[in-house]
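The values are calculated or read from the model by the stated rules, or taken from the named source; none is laboratory data. It should be emphasised that the depicted structure is a prediction, and the values quoted were computed from it without experimental measurement. Please note that ligands, DNA and RNA were not included when accessible areas were found on the heavy atoms of the full protein model with its side chains. Shrake-Rupley method; radii C 1.70, N 1.55, O 1.52, S 1.80 Å.
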Amino acid sequence: MDARSAVPLVRVAYASAASRRIDREELLQLLAKAREKNARLGVTGILLYVDDSFFQVLEGPLEAVTGIYARIEQDDRHSKVLKLIQEPITERAFPDWSMGMARVSREDLASIPGLNDFFRTKSALSELPPSRARTLLQAFSDGRWRASVL
Ligand code: FAD
């Protein structure tokens, strides 16, 4: 629970493949709209876009998170949307971001202990298995790259 909602909170994380190369301008537009809706519904989280694949964490009230996730799943700007984590939480990992966008590279991700071997053989976040998704989530909630969030 948190003061924002006083209702049980959940976290959903997924990975997906962009349907086409998305430029910075388009990404910022997507982000601006996402932030507006997320702020309205009490949803927070983080989005990564690396080598044409996405990894996103959404946190907030169950109905809001599942509603937004259902809409995102249908979005034709990406495909192969794979839910990696859905769990109840007592605290948000990203309470300050209506949707933070981390500027990271494949090399940055490969430097996370527990992910380096994955990125040696696979390049796409969309191929991330659930166990590695937790490692990635942990690295971000521990504060890694907090300074490079847009
Ligand atoms: P809609 O009527 O579906 O869309 C509202 C506006 O969004 C449209 O006017 C249009 O400008 C834009 N839009 C929708 N689809 C497209 C498209 N295919 N191409 C270009 N522009 C389009 N939404 C959130 O609310 N929160 C998020 O955290 C979030 N994260 C996202 C992450 C990714 C990787 C992607 C691809 C999308 C994300 N979205 C997010 C967007 C989401 O999929 C919906 O577009 C958005 O929630 C609006 O949905 P709607 O049904 O309210 O309105």
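Annotations for the structure displayed:
- Per-bin percent of Cα-Cα distances, segment 11-150 [5 Å]: 2, 10, 21, 26, 23, 14, 4, 0, 0
- Accessible surface for segment 1-116, divided over its residues, is 51 Å² per residue with a 1.4 Å probe.
- Distances between placed amide hydrogens fall under 5 Å for M101 paired with L47, L150, all partners being 5 or more residues away or on another chain.
- Stretching the chain fully between D76 and R120 yields a gain of 12.9 nm (0.36 nm per residue, less the alpha carbon separation).
- Here the translational diffusion coefficient of segment 1-69 follows from Stokes-Einstein with Rh set to the Kirkwood radius across Cα pairs; for 37 °C and 0.692 mPa s it amounts to 256 µm²/s.
- Taking every C-alpha pair closer than 8 Å and separated by at least 6 residues, the mean separation divided by the residue count of segment 1-144 gives a relative contact order of 35 percent.
- Segment 60-77 - phi-based ³J(HN,Hα) in whole Hz, Karplus 6.51/-1.76/1.60, Gly and Pro as x: x, x, 3, 5, 5, 5, 5, x, 5, 4, 4, 6, 4, 3, 8, 6, 7, 6
- Aspartates and glutamates whose Cα lies under 16 Å from that of K83, excluding same-chain neighbours fewer than 8 positions away: E59, E73, D75, E127
- Taking the accessible area of segment 10-150, probe 1.4 Å, and keeping the other protein chains in place, the carbon and sulfur fraction comes to 49%.
- Cα centroid separation - segment 72-103 against segment 1-69, whole Å: 4
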